[in-house]
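Okay, structure first, notes after.
No value in this document is a laboratory result; all are computed from the given coordinates. Given the structure is predicted, the values throughout are model-derived calculations rather than measurements. As a convention, Cβ positions derive from the backbone with ideal geometry for all residues, glycine included, and neighbour counts pool all protein chains shown.
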Amino acid sequence: MIAAAPLIGLTLTLILTPYIAARMKRAGIIGKDIHKMGRPEVAEMGGVAILLALPVALSPFMSEEIARVLMVFLLFGVVGIIDDLTNLRQLHKVILSLIVSFPVAFFGLAPEVNVFGYTLNLGILYPVFAVLFVTGSANLVNLLAGFNGLEMGTSAIILGVLAAITDGEARLLALAGMGAALGFLWWNRYPAKVFPGDTGTLSAGALIGLVAITGKVEAYAALLLVPHFLDFVIKATSVRFGVRRHGRTRVLPDGTLQAPPYPSFLGTIMRRARVTEPKLVAIVWLIELTLGLLVWALHRSL
């Protein structure tokens with residue numbers, strides 16, 4: 001019966017995404033696919049399809065815990081919609097993320113965190129930790145973005161791994177989210193017919209954090225988010241020390257990518273190997289799959 005949730009999520013996003021994309025294009029909600037010659041226009045805010053699909057996929061299994069998670073997930077979707085339409089500053093995005101994460105403090109979750117076999121009891125600090133964890137997860141996924149299939153592909157992998165190491169409602173949430181992400185990925189893979197926008201990336205990242213805290217696998221989820229965290233640290237360090245330079249990744253005539261003039265996780269890959277956009281995304285997916293195998297092995301052994 002649990003297999004119905006990811007199948008419903010997958011089917012709905014496969015069907016809804018092209019419809020949403022067409023409506024967004026008609027409304028002029030489009031973005032430039034800047035990593036392609038000619039910079040074609042692509043529909044934005046396709047993540048709305050995921051916001052619609054996930055609650056429907058989970059409706060046959062609705063419980064109080066699932067309803068709470070969906071509420072926060074949808075609130076992050078609202079923040080993403082506001083961002084897509086108004087181009088929020090990063091600080092404003094983080095503040096709004098903290099506000100919509102606030103209900104997590106009242107989920108009544110156990111205050112223990114399993115850190116690879118060691119139990120850390122955070123006591124009364126756990127609600128604060130949970131709010132920060134969901135906020136951080138959402139914004140980290142939102143930051144490591146910008147290439148066809150990158151965000152939804154990595155999110156689908158992470159949710160699939162979390163489904164493998166959790167049980168009960170956490171597993172159900174992860175499986176449904178993975179199905180919805182994969183259905184969307186069909187249209188978002190190279191060459192993308194639609195972008196998720198912050199609507200999709202913030203909500204997908206929030207779901208990863210929500211699954212982690214409800215399934216009590218916070219440390220394992222943090223390990224899966226290492227590429228996202230590295231990207232954040234590299235970018236933040238460059239800004240702090242004044243070495244950040246403006247500019248974007250360039251597409252060379254042969255289709256390979258030239259790294260942007262500022263430090264980043266993806267830029268490091270581009271500097272070490274000549275990659276096209278699909279190859280770059282495949283490398284990041286492979287890194288995420290490798291981390292997923294490590295997390296699965298660690299969880300089984302501890």
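Summary table below
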| read-out | value |
| --- | --- |
| GNM result for the chain, Cα springs below 10 Å: residue of Leu88, Leu150, Leu175 fluctuating most strongly | Leu88 |
| Size of electric dipole in the chain: Cβ of Lys, Arg +1 and of Asp, Glu -1, about Cα centre, debye, nearest 20 | 1140 debye |
| Inter-part distance where the range 156-216 and the range 53-123 are each reduced to a Cα centre, Å | 13 Å |
| Relative contact order of the range 169-276, defined on C-alpha pairs under 8 angstrom at six or more residues apart (%) | 18 percent |
| Farthest positive-ward along the range 1-143 dipole, Cα basis, beta-carbon charges - from Asn87, Gly47, Ile2 | Asn87 |
| Set of aspartates and glutamates near Lys235 by C-alpha distance (under 18 Å), chain-local residues within fewer than 8 positions excluded | Glu151 |
| Relative exposure of Phe147, Phe61, Phe232, Phe106, judged by other C-beta atoms within 10 Å (fewest first) | Phe106, Phe61, Phe232, Phe147 |
| Structure-based [θ]222 nm, the chain - -39500 (n - 2.57) summed over DSSP H runs of at least 4, per residue, nearest 500 | -21500 deg cm²/dmol |
| Cross-link reach list, lysines versus Lys25, counting only Cα pairs under 20 Å and skipping chain neighbours closer than eight places | Lys36, Lys193 |
| Karplus-derived HN-Hα couplings along the range 81-96 (A = 6.51, B = -1.76, C = 1.60, θ = phi - 60°), whole Hz, x at Gly and Pro | 4, 4, 5, 4, 8, 10, 6, 4, 5, 4, 4, 5, 4, 5, 4, 5 |
| Nearest-0.05 FRET efficiency for Ser301 and Leu85, computed from C-beta distance (R0 41 Å) | 0.30 |
| Amide H contacts under 5 Å for Val113, placed H, 5+ residues apart | Leu120, Asn121, Leu122 |
| Relative contact order [Cα under 8 Å, 6+ residues apart], the chain, whole percent | 25 percent |
| Over the range 92-153, relative contact order from alpha-carbon pairs under 8 Å, at least 6 apart, % | 32 percent |
| C-alpha center-to-center spacing [the range 251-302, the range 17-43] in angstrom | 25 Å |
| Inter-label distance for Ile34 and Met1, nm, one decimal - labels placed 7 Å from Cα along Cα-to-Cβ | 4.9 nm |
| Read-out semi-axes √(5λ) of the Cα gyration tensor in Å, derived from the coordinates shown; its label in (i) 32, 21, 19; (ii) 39, 18, 16; (iii) 29, 23, 19 | (iii) |
| The range 170-223 shape via C-alpha gyration tensor axes, a/c threshold 1.5 | prolate |
| Nearby lysines by direct alpha-carbon distance to Lys216 (threshold 28 angstrom, same-chain neighbours under 8 apart not counted) | Lys93 |
